[in-house]
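Below: one structure, written as structure tokens.
The values are calculated or read from the model by the stated rules, or taken from the named source; none is laboratory data. Small disclaimer: the values here were computed from a predicted structure and weren't measured. Don't worry about glycine lacking a Cβ; one is built from the backbone with ideal geometry, like all the others, and counts go over all protein chains shown. These accessible areas exclude ligands, DNA and RNA; they are computed on the full protein's heavy atoms, side chains included. Shrake-Rupley method; radii C 1.70, N 1.55, O 1.52, S 1.80 Å.
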Amino acid sequence: MAVGGLISRVGLDLAAFRVWELLRATDLRARLRNRRVRALAARELPLPPERLIVLVAGSPDLGWFVEGGKRAMESIRGALERNGAKLEDMQAVLDFGCGCGRVLRHCAGLQGPSLFGCDYNPELIAWSRRNLPFASFAVNDITPPLGWPDDSFDLVWALSVFTHLPEALQQHWLSELRRVLRPGGYILLTTQGAAYEASLSSEERAAFQRGELVVRAAGAPGTNLCSAFHPEQYIRERLAPGFDLLEFVPEGASGNPHQDQILLRKR
Ligand SMILES: C[S@@+](CC[C@H](N)C(=O)[O-])C[C@H]1O[C@@H](n2cnc3c(N)ncnc32)[C@H](O)[C@@H]1O
């Protein structure tokens, strides 16, 4: 009974959240601003419709979709370079939870690695396949596995994806991403940390301060309604067995403002 109640509560919250996402996507002022961005970008890669932008960025702002993706790419490059690695020297990289290619689109023309993206939302992947021909895309399930063999990638990044997964799924996915990474390969994650403490309830904040992972709406995994908050202590001590933590940069994810950026290396 208690579990049934929990599920239907999450179901209702999710239905309301979906309506909110749709309303965000039809915001008239944002659409007018976006028309200017679309006109300016007419000769570049196609830009996704507002409904898909809201799914990956939480806002229909196309200017930010482009600028935020660019900053995210710079942020990934920065972390690699600080740790003696370079994107151009890699053979294959994966954007896990790539959405409609907000970040990958800034790799068009990149010399070096083959580019891959995957997401559990087939609509986002269908758009990416049609419009970002320089990368290969795959749909995965909300739970592992991925379709690639062991040791396929030099780098996997997952920007604001573990922020929407409950604890058990985070652990399963980290171990699956570890499988598809070659030894010595990198994972770059972004998470919601201390910068979000003020938005937590007093009970959540107490758990966060004890170093516990806080997850809201765990019954809606993968959606933006599900929200995870990672204390630094949890990241350092519990998040990623089998990896070395190379870097933890508080609010370092410049394409995902206020999120922390974490660089891990497979042992
Ligand atoms: C907040 S969006 C971020 C999208 C993209 N990483 C970016 O920075 O623009 C979270 C993305 O993670 C995807 N996602 C959530 N759970 C997933 C899972 N289990 N497997 C693959 N993708 C997932 C969602 O569909 C969504 O595209």
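Rundown of residues vs (1) in contact with a Phe, Trp or Tyr (Cβ under 8 Å, 6 or more places away or on another chain); (2) over 23 Å from V56 (Cβ atoms), yes/no style:
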position	(1), (2)
W173	yes, no
R178	yes, yes
L181	yes, yes
G185	yes, yes
E203	no, yes
F208	yes, yes
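Of the residues making up segment 251-266, those that are touching a strand residue (DSSP E or B) at 6+ places or on another chain (Cβ under 6 Å) and either closer than 22 Å to K86 by Cα or of a type in the set (S, T, Y) (or both) are G252, A253, N256, D260, Q261, I262, L263, L264, R265, K266. Comparison of E251, E212, E237 shows that the only residue that is out of contact with any helix residue (DSSP H, G or I) (no Cβ under 9 Å at 6 or more places or on another chain) and either outside any loop (DSSP other than H, G, I, E, B) or modelled with pLDDT of 95 or more (or both) is E237. Confirm whether A158 is touching a helix residue (DSSP H, G or I) at 6+ places or on another chain (Cβ under 8 Å), at positive phi and not basic (K, R). So A158 fails the test. The lone criterion from (1) within 19 Å of G185 (Cα to Cα); (2) open to solvent by less than 30 Å² (accessible area, probe 1.4 Å) left unmet by G99 is number (1). Of all positions in segment 132-151, at least one carries a residue that is within 16 Å of the ligand (Cβ to nearest atom), out of contact with any strand residue (DSSP E or B) (no Cβ under 9 Å at 6 or more places or on another chain) and closer than 23 Å to D244 by Cβ.
Conditions tested, residue by residue: (1) of a type in the set (A, V, I, L, M, F, W, C); (2) at positive phi; (3) buried (at least 19 other Cβ atoms within 10 Å of the Cβ).
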{"site": "H230", "(1), (2), (3)": "no, no, yes"}
{"site": "Y234", "(1), (2), (3)": "no, no, yes"}
{"site": "L264", "(1), (2), (3)": "yes, no, yes"}
{"site": "R267", "(1), (2), (3)": "no, no, no"}
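The set of residues from segment 142-158 being open to solvent by 20 Å² or more (accessible area, probe 1.4 Å) and touching a Phe, Trp or Tyr at 6+ places or on another chain (Cβ under 9 Å) comprises I142, T143, P144, W148, S152.
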